[in-house]
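First up is the structure itself, then whatever we jot down about it.
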Amino acid sequence: LPRAATQGVSAGFFIQCRGSVARLAQRNYNSQHRSCCPGFRKPRPGGEEASDTRPKRPGVNLGRKKGAGRAVGLTCQFATMNVVFAVKQYVSKMIEDSGPGMKVLLMDKETTGIVSMVYTQSEILQKEVYLFERIDSQNREVMKHLKAICFLRPTKENVDYLIQELRRPKYSIYFIYFSNVISKSDVKSLAEADEQEVVAEVQEFYGDYIAVNPHLFSLNILGCCQGRNWDPAQLSRTTQGLTALLLSLKKCPMIRYQLSSEAAKRLAECVKQVITKEYELFEFRRTEVPPLLLILDRCDDAITPLLNQWTYQAMVHELLGINNNRIDLSRVPGISKDLREVVLSAENDEFYANNMYLNFAEIGSNIKNLMEDFQKKKPKEQQKLESIADMKAFVENYPQFKKMSGTVSKHVTVVGELSRLVSERNLLEVSEVEQELACQNDHSSALQVSIQSNLMSTYYV
């Protein structure tokens, strides 16, 4: 935006404050966290300053000293700014800090989604995490042989659940990680509840957002505004998610917002207030060009919502719907039981990673190539196993073959359904009308085409 249309409040990020989705465009990454306390009773192994140790009883101090924000340990000097990598680092650090042995990962509804977006269950199982539980589950068994890693949002509800948990602990030891800043009063309440001294560590790890792609995150907020004004609860959640993002990427940005939008202004002011209040957390090394947080209002963009999207990821999102990388295909005619819900993740699906930003025509061609590669490999696996060497080769290649088979089935089904919907809804013709409306001043011809093609009813359906 021109300087006259923006106003500085105090990295390139871009956030649609009405769509609750942010897109990133800035480089250099190093993850960040703050230690609230090294356990309520005992200092962290290796020693800590006296001011950081917790008293045995109330009077708990968060220890917000200068420089309290410390790097997670696993840093990436030359990596691009990557939100998937940031959250993944946090989860890895939690598990590493708990040490060897069998563990349970205790989460809430939101952090379950946060973790599932960056790690598969099989990947976490390899790190000795054998059980996944919700903090609000009432039917959990007592398992004193397990260590508990708690990754929770610092909400009042979660703090209350955690207090109940610490009063009657089901696991041998607890490593508690909050996804955002927690108040001193809440930490004090947790310390009072920990009468059996089972808490080993309490820290803040700022993974308080859904990492969709390396440069795209979401807060999964629907209907964040009441009219043209923020819903107070959603404004608070958006502020928390955005400041957590800045902390996880170690950015203290200059903030600019769209001056004509009251919603953008409110969000900018709230983010600035948090940065001012928690200034010690935002004391990062200054760069020659300061990072910029740019907040825009989607209400002033009438063109983008009008146009149909024609790239793979956007079409799937718009026509089928994606929820935390999961697609519900249960309504597809003749769908098999195994494909009623599929996962599209660029982290674990090479074909999707390579094609998610390509247009629909290219996807069709690449699907054909994928099928041809699969057909070439398929006959070899069906040959007779006449020797030990044949059996060994089959066993070694079978997992790759099985994975490729699943990939082919999934993408053929998804692309097939997209093609059916495009045809059923006349989206090619609709898109042509949309382009005319967006690019031409004279809309009469577009209206005539829509009437002749009987598209209006289809378009509004």
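The values are calculated or read from the model by the stated rules, or taken from the named source; none is laboratory data. These numbers come from a predicted model, not from an experiment. Surface accessibility is based on the protein's heavy atoms, side chains included, excluding ligands, DNA and RNA. Shrake-Rupley method; radii C 1.70, N 1.55, O 1.52, S 1.80 Å.
Quick check: from the Cα gyration tensor, does the range 284-353 come out rounded (a/c under 1.5), prolate or oblate? Taking the square roots of the gyration eigenvalues as a ≥ b ≥ c, the range 284-353 is oblate. Using a probe of 1.4 angstrom and keeping all protein chains present, the accessible surface of the range 229-325 works out to 48 square angstrom per residue.
Quick one: which of Lys127/Lys250; Lys103/Lys403; Lys109/Lys170; Lys188/Lys272; Lys127/Lys156 span more than 23 angstrom between C-alpha atoms? From the list (Lys127/Lys250; Lys103/Lys403; Lys109/Lys170; Lys188/Lys272; Lys127/Lys156), the Cα-Cα distance tops 23 Å for Lys127/Lys250; Lys103/Lys403; Lys188/Lys272; Lys127/Lys156. With θ taken as phi - 60° and the Karplus curve 6.51 cos²θ - 1.76 cosθ + 1.60 applied, the whole-hertz 3J(HN,Hα) list for the range 294-301 is 10, 10, 10, 9, 5, 4, 8, 10 Hz, x standing for glycine and proline. Only protein heavy atoms count here; on that basis, with a 1.4 Å probe, Val91 has an accessible area of about 0 Å². Per-residue 3J(HN,Hα) values for the range 256-273, derived from phi via the Karplus relation 6.51 cos²θ - 1.76 cosθ + 1.60 with θ = phi - 60°, read 10, 9, 6, 5, 7, 10, 5, 5, 5, 5, 4, 5, 4, 5, 5, 5, 4, 4 Hz in sequence order (x marks Gly and Pro). Cross-link partners for Lys265 among the aspartates and glutamates, with Cα-Cα distance under 18 Å and sequence neighbours closer than 8 places in the same chain left out: Asp231, Asp297, Asp300, Asp301.
Across the range 198-342, the mean sequence separation of Cα contacts (distance under 8 Å, 6 or more residues apart), normalised by length, yields a relative contact order of 18 percent.
Here the Karplus relation 6.51 cos²θ - 1.76 cosθ + 1.60, evaluated at θ = phi - 60°, turns the backbone of the range 87-93 into coupling constants of 5, 4, 4, 4, 4, 4, 5 Hz, with x for every Gly and Pro. Note on the range 98-174 and the range 259-331: Cα centroid distance 30 Å, given to the nearest whole angstrom.
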